[in-house]
Every structure is written in C-alpha cells, then in structure tokens.
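For reference, the structure is listed below as structure tokens.
The values are calculated or read from the model by the stated rules, or taken from the named source; none is laboratory data. Quick caveat, the model's predicted, so the values are computed rather than measured. We place every Cβ from the backbone using ideal geometry, glycine too, and count neighbours over all the protein chains shown.
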Amino acid sequence: MPIEFEHVENEPLLIAVQATEYDPAGDAALTREHLQQLLDNHSGQVYYIPDVTGMEASFSDLVVGLAESFNRKQNNNIFFDPRLHILAVATNPIVKLAAKAGAQQDQYGNARLMVFDSREEALAYAREQVALYG
C-alpha cells in the first residue's frame with residue numbers, strides 16, 4: 001500500500017505515512033477519501049498529518065502532487081475545507097520546499113499547511129490546538 005492511514009480514535013486526527021513509492025494522482029485521490037471520512041466524523045477543526053519522511057520523489061513528482069491536491073478548480077476540493085489543517089512531516093529539503101510552495105503560492109491555492117521535522121512535533125501541535133479550540 002502506498003500510504004498507510006491511521007484514524008486516531010476519539011480525536012480529530014488523521015495520520016498518513018507515505019511509502020517510498022509515490023503516485024501523485026492516485027495518492028491524492030486516496031487521501032481525499034480518508035479526509036472525507038475524518039471531516040464527516042468530526043464537526044470542528046480536524047488535523048491531517050502526512051508523514052512523508054520516507055518518500056522518494058522527484059521535484060516534478062512533487063509539483064504534480066501539489067497540482068493534484070491543491071487545485072481550487074476542482075469543485076469542493078476537500079483540501080480547502082476551512083476545518084482542515086495540514087501538518088506535514090518532512091525532512092527532505094525538496095519536500096519542504098514543495099510544502100512551502102503549497103502554502104504560499106496562488107497556483108496551489110495558498111493551502112493551510114505547516115511543516116514539522118517529526119511526527120511527534122506535529123501530533124503535539126495538533127493536540128495543543130484541539131485542547132485550545134476544540
């Protein structure tokens with residue numbers, strides 16, 4: 001399986017661990033399915049933690065992945081649900097650059113996305129936000 005998903009019980013959290021292989025279109029579609037489940041099960045803010053520390057991808061793969069995920073032209077693109085917060089975990093500088101592009105560039109919709117160096121940091125931040133804002 002290219003991505004392993006963990007729906008954290010009784011918390012508005014979805015953790016996704018990306019395998020080494022990366023399929024920009026297929027992975028984005030699969031992720032949207034899991035995010036829809038998360039949003040359907042929680043009425044407040046939700047936190048998606050994609051851990052891509054093990055992913056191997058070219059820069060062009062990352063650009064295609066950004067376009068697939070953060071395309072505002074898609075009707076009801078789940079990545080732009082105002083309740084969704086994306087807390088990416090990445091150590092590769094190219095992946096961090098791509099994430100930053102997703103968060104700051106108009107062509108990728110200025111996604112609500114932050115980058116962390118470890119899953120533990122991202123989880124701690126998400127749980128802090130849940131405690132503060134529900």
#### Entry: the range 1-16 - residue that is at pLDDT 90 or above, in contact with a helix residue (DSSP H, G or I) (Cβ under 8 Å, 6 or more places away or on another chain) and surrounded by fewer than 19 Cβ atoms within 10 Å (Cβ to Cβ) and, of those, farthest from VAL89 (Cα to Cα)
GLU11
### Residue ID - nearest to ALA122 (Cα to Cα), chosen from residues in the range 17-36 that are within 11 Å of the chain's Cα centre (by Cα) and of a type in the set (A, V, I, L, M)
VAL17
### Task
Return the residue satisfying two criteria in turn: it lies in the range 37-65 and is assigned to a helix (DSSP H, G or I) and either of a type in the set (Lys, Arg) or exposed (fewer than 15 other Cβ atoms within 10 Å of the Cβ) (or both), and of such residues it is nearest to the chain's Cα centre (by Cα).
GLN37
### Query
Considering only residues of the range 93-112 that are in contact with a Phe, Trp or Tyr (Cβ under 7 Å, 6 or more places away or on another chain) and small (Gly, Ala, Ser), which is modelled with the lowest pLDDT?
GLY109
### Summary
Of the listed residues (GLU68, GLU21), the one being outside any helix (DSSP H, G or I) and at pLDDT below 90 is GLU21
### Task
Scan the range 81-91 and give yes if some residue there is closer than 16 Å to MET55 by Cα, at pLDDT 80 or above and assigned to a helix (DSSP H, G or I), otherwise no.
no
### Task
Taking the options SER60, SER118, name whichever one is closer than 24 Å to GLU11 by Cα and modelled with pLDDT of 75 or more.
SER118
